1. Kirkwood hydrodynamic radius, the stretch 304-413, all distinct C-alpha pairs: what's the number in Å?
2. In the chain, with Lys and Arg counted as +1 and Asp and Glu as -1 at Cβ, which of these residues, 303, 131, 96, has the Cα nearest the positive end of the dipole, that is, farthest along it?
3. Sort all Cα-Cα distances of the stretch 95-244 into consecutive 5 angstrom bins from zero, then give the percent of pairs in each bin up to the one containing the longest distance.
4. Between Rg and the Kirkwood Rh of the stretch 220-338, both from Cα atoms, what is the Rg to Rh ratio?
5. Under 10 °C and 1.306 mPa s, how fast does the stretch 144-210 diffuse according to Stokes-Einstein, given a Kirkwood radius computed over C-alpha pairs? Answer in µm²/s, whole number.
6. For the chain, what's the relative contact order in percent, using C-alpha pairs closer than 8 Å and at least 6 residues apart?
7. Cα centroid distance between the stretch 272-301 and the stretch 7-84, in Å?
8. Using only DSSP helix segments of four residues or longer, with each worth -39500 (n - 2.57), what per-residue ellipticity at 222 nm results for the chain after dividing by its residue count and rounding to 500?
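The values are calculated or read from the model by the stated rules, or taken from the named source; none is laboratory data. Computed from a prediction, not measured in an experiment: that's the story for all the values here. In this analysis, Cβ positions are derived from the backbone assuming ideal geometry, glycine residues included, and neighbour counts consider all displayed protein chains. Accessible surface is based on the protein model in full, side chains and every heavy atom, while ligands, DNA and RNA are left aside. Shrake-Rupley method; radii C 1.70, N 1.55, O 1.52, S 1.80 Å.
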Amino acid sequence: MTLPATISSIDVDYLRAQFPILSTTVHGGKPLVYLDHAATSQKPQCVIDAIASYYTTTNSNVHRGAHALAAKATEAYEHARHTVAAFLGAASPSEIVFTKGTTEAVNLVAATVAHRLQPGDEIVLTEMEHHANIVPWQLMAQQRGAVIRVIPVTDSGELDMQAAASLIGPATKIVSAVHVSNTLGTVNPVAQLCAMAGSVGALSFIDGAQAVLHDPIDVAALGCDFYAFSAHKLFAPMGLGVLYGRYHVLESLPPYQGGGSMIDSVSFDGTTFNAPPMRFEAGTPNVEAAVGLTTAIEWFAAVDPDWRRHHDQSITAYALDAIGGIDGLTVYGNAAHRVGILSFTVEGTHAADVGTLLDAMGVAVRVGHHCTQPLMRRLGVTSTIRASFSVTTTAHEVDVFAAALTKAVGMLR
Ligand SMILES: Cc1ncc(COP(=O)(O)O)c(C=O)c1O
């Protein structure tokens, strides 16, 4: 089943029916209630079909080989770059670098901007970053003698923007922040952070791993120098990520990894490098995933953003209401602008035990620190249970989740 080219209102069941895995059962016949969309998205049939079709009609290596399939595969790969550029509001497909994921995108930027930093220069992060947006900067800071400064999180799970204003100053060279927290669901005022970075001549990097699933992204309106996301969170395959970079900034950076495709000419006396984005894409790329991403973006873009927002807000409010009555339950973060990612603990229980019991009842959630240990410390916990929703999440799934949680808590106390 495929979506009409544009549709203004849709029904969750219509979307759900396109995901074969969502009608599967687990643990001896329990219908799967998948509430772990923030970890990875499931894939609609059209994405699965696009990948199968790629291998049955197109597969070849790209940018080399003078034969029909090589041309077809190259066209499919470059079409993916065009599709991503339009999806992010980039000025040109040349501003889109394919990586392995958000993690590699951060590593790429940290490694290639490193030479600009002097001892004492500052990199500003936030207390709610995923480890992927902390550790690469730390590694680079250690090499360069740079200093990491951290924007604190308030009790409501939002960034302390007053503190941000005083932290970002003449010594700041990079500001890197998560657009949507994978633990709290908070939507951060990243355009404001990018403007603050720009006003002191610092580069801005936005981790959009969770944000791309929500409101449409416009990198020009955000004013960021870099924006990154992972294809697998957006209904597309694993092993592919996107790094948007302002062209003149990309052009000013040295290569990240050496190998085929990223060069202009190679000799033992020296090598010259390709222009961006190829400069940053050494070796054979993940063409299959890029083809899947094209279809995933087309599929997702056909779901009316107003409907998406409305569904996300209603399912989140419904879930908060459904579990809110459980004695001893604490939900972390209540930002004014948040999306359908709920982290919580229940007094007298361990998150891991709750996760195991929910799983036995067919409910898939994530438990742990969600790769945000500094945020966990700020919240005063070591782990939480996280339920995350998608356009396919139904009120019935939330009912099953709430009943299973109530039962699990009763068993554990
Ligand atoms: C906010 C955020 N940033 C970065 C990442 C890392 O993404 P990946 O593992 O796909 O590189 C994740 C993954 O959960 C995330 O949620």
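1. 14.4 Å
2. Most positive-ward Cα: 131.
3. 2, 10, 21, 24, 22, 14, 6, 1, 0
4. Rg/Rh: 1.15.
5. Translational D for this selection: 129 µm²/s.
6. For the chain, the relative contact order is 22 percent.
7. Centre-to-centre distance over Cα atoms comes out at 15 Å.
8. Computed ellipticity for the chain at 222 nm equals -11500 deg cm²/dmol.
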